[in-house]
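Accompanying notes for the structure given below.
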Amino acid sequence: MENTVYQELAEHLDRLPGGFPSTPDGRELRILRRLFTEAEARLACHLTLIPETARVIAYRCGWVHDKAATMLESMWQKGLILKLESEGKSPRYMACQFVVGIWEFQVNRLDRELVADMTDYIPVLFNADAWRRAPQMRTIPVNRSIDPKLPVMPHEAAAALIRSKDHFVISPCICRKERRMAGHGCDGPLDACISFGDAGSYFIQSGIGRPVDRQTVMELLETADRAGLVLQPSNSRDPAWICCCCGCCCGVLRTVNTYPKPAELVAAPFAVQLDDDRCTGCGICLERCQMGALALKGKTAQLNKHRCIGCGLCVSTCPAGCLRLTRKPRSQQPRVPANMATALLRTAWKRKKIGPFQLAAEIGKSQRDRYLSSRRSTNNA
């Protein structure tokens, strides 16, 4: 296949933590062509995970400052790159991984062709081995399923996470929206993605999401529980978002569900235990479970622990109280990075896309380009 700027961009995205693997039929290139112009793709290849000003990026790609600055701003508005802003300073731009990242920002730019390409690409994009070692999301239980006696860390409880935040944004779930466009969606709430702080700034400025107060978010969590949605925050103790996911639409859950042992792929500190003697065989838990971990044998529920992801949806509505969450043994407790930066680096490290030497080289290159771009600006003045 002829080498194109889109192949260069695909390789560039694959070097980022989330990855962007190639396919024999080039479906990943079709997706990029639908999202990026050739000029945008060429410019995106010069961005890294280090935030830099338009002046530095323009120097690196050989463009004049004004051209680069205009295009970088346009690309940010389209959700193709990230932007950091500080009062009194020039905006800084950085590369954005495809998932979780660029794709979620396209929620208002979807069409049937793009959705069809992405549906085909998701199974390739989801690398089970990489996800097992460094998942981008984790599962926490719904509030009503947590027994007061159950030892729970603050980052493992949705209510505690919400109380620790000050700024909230609610935006549409791209998974649910794309599945509906493909004719396979459910009737779960569409506005079901919660972002915090800087993570929600793009959704507000682009008009995709809306700022809300803490009480509205708590009410959304209750709605999610009633609708049977799994709570999946970003995989850090200080998460950037919480997604309310269903097994029929969520790209992660749909893919995980195709494996025989989802419990081994999902980062979750808890698992469900079943008291057979108390079970009345009502079957409510079967409807609630998104992973098919429960089945009826005669008049008693049967639990397949290999499929349980510890979401607590079956616990919160069991009328007989025969289901409860328990903490997994220490050896099975997932490691949760402190923040998003650490989580991204860990993902890249586990995927063998970056190591200490590569990271040092990127930092050195950025510092060099900052210096040289400042020199060019001074000489031009």
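The values are calculated or read from the model by the stated rules, or taken from the named source; none is laboratory data. Not measured: the values here are computed from a predicted model. Every residue, glycine among them, receives a Cβ derived from its backbone with ideal geometry; neighbour counts consider all protein chains shown. Each accessible area value is taken on the protein alone, full model and side chains, heavy atoms only, with ligands, DNA and RNA left out. Shrake-Rupley method; radii C 1.70, N 1.55, O 1.52, S 1.80 Å.
Quick rundown of the values:
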quantity: Verdict on Val107 being of a type in the set (A, V, I, L, M, F, W, C) and in contact with a strand residue (DSSP E or B) (Cβ under 7 Å, 6 or more places away or on another chain); calculated: yes
quantity: Pairs with Cβ under 7 Å, 6+ apart, first in the range 335-355 and of a type in the set (Ser, Thr, Tyr), second open to solvent by less than 60 Å² (accessible area, probe 1.4 Å); calculated: Thr342/Ser236; Thr347/Pro17; Thr347/Gly18; Thr347/Ala134; Thr347/Gln136
quantity: Matching residues, the range 116-131, being open to solvent by 60 Å² or more (accessible area, probe 1.4 Å) and modelled with pLDDT of 90 or more; calculated: Asp120, Pro123
quantity: Strands (runs of 3 or more DSSP E) within the range 261-303 that include 3 or more residues in contact (Cβ under 8 Å) with a residue 40 or more places away in the chain; calculated: 270-274
quantity: Tabulated pairs, the range 160-173, first free of Cβ contacts under 8 Å to residues at least 12 places away in the same chain, second assigned to a helix (DSSP H, G or I) and open to solvent by 10 Å² or more (accessible area, probe 1.4 Å), C-beta under 6 angstrom, 6+ apart or interchain; calculated: Ala160/Pro154
quantity: Test for Leu16: is it within 19 Å of Asp129 (Cβ to Cβ) and in contact (Cβ under 8 Å) with a residue 60 or more places away in the chain; calculated: yes
quantity: Residue, farthest from the chain's Cα centre (by Cα), within the range 200-226, restricted to residues that are assigned to a helix (DSSP H, G or I) and under 21 Å from Leu110 (Cα atoms); calculated: Gln205
quantity: Count of residues meeting criterion [at pLDDT 90 or above and either over 10 Å from Ile50 (Cβ atoms) or not in a helix (DSSP H, G or I) (or both)] in the range 357-368; calculated: 2
quantity: Yes/no for Ile309 being of a type in the set (A, V, I, L, M, F, W, C), assigned to a loop (DSSP other than H, G, I, E, B), open to solvent by less than 40 Å² (accessible area, probe 1.4 Å) and farther than 30 Å from Ala227 by Cα; calculated: no
quantity: Residue identified as surrounded by 21 or more Cβ atoms within 10 Å (Cβ to Cβ), within 29 Å of Leu286 (Cβ to Cβ), hydroxyl-bearing (Ser, Thr, Tyr) and modelled with pLDDT of 95 or more among Ser234, Ser171, Ser145, Ser195; calculated: Ser145
quantity: Condition check for Arg335: within 24 Å of the chain's Cα centre (by Cα), in a loop (DSSP other than H, G, I, E, B) and either within 28 Å of Arg132 (Cβ to Cβ) or among the polar types (S, T, N, Q) (or both); calculated: yes
quantity: Test: Arg324 is open to solvent by 60 Å² or more (accessible area, probe 1.4 Å), modelled with pLDDT of 90 or more, closer than 26 Å to Cys244 by Cβ and part of a strand (DSSP E or B); calculated: yes
quantity: Residue check, Pro356 under 28 Å from Ala271 (Cα atoms) and either of a type outside the set (Ser, Thr, Tyr) or open to solvent by less than 90 Å² (accessible area, probe 1.4 Å) (or both); calculated: no
quantity: Hits in the range 288-306 - residues which are open to solvent by 10 Å² or more (accessible area, probe 1.4 Å) and within 17 Å of Cys250 (Cβ to Cβ); calculated: Arg288, Cys289, Gln290, Gly292
quantity: Set Arg278, Arg330: member being farther than 22 Å from Leu231 by Cβ, loosely packed, with under 15 Cβ neighbours inside 10 Å, modelled with pLDDT of 95 or more and not aromatic (Phe, Trp, Tyr); calculated: Arg278
quantity: Any hit, the range 286-296, residues being touching a helix residue (DSSP H, G or I) at 6+ places or on another chain (Cβ under 6 Å) and more than 28 Å from Leu125 (Cα to Cα); calculated: yes
quantity: Members of the range 69-88 that are of a type in the set (A, V, I, L, M) and farther than 17 Å from Asp198 by Cα; calculated: Ala69, Met71, Leu72, Met75
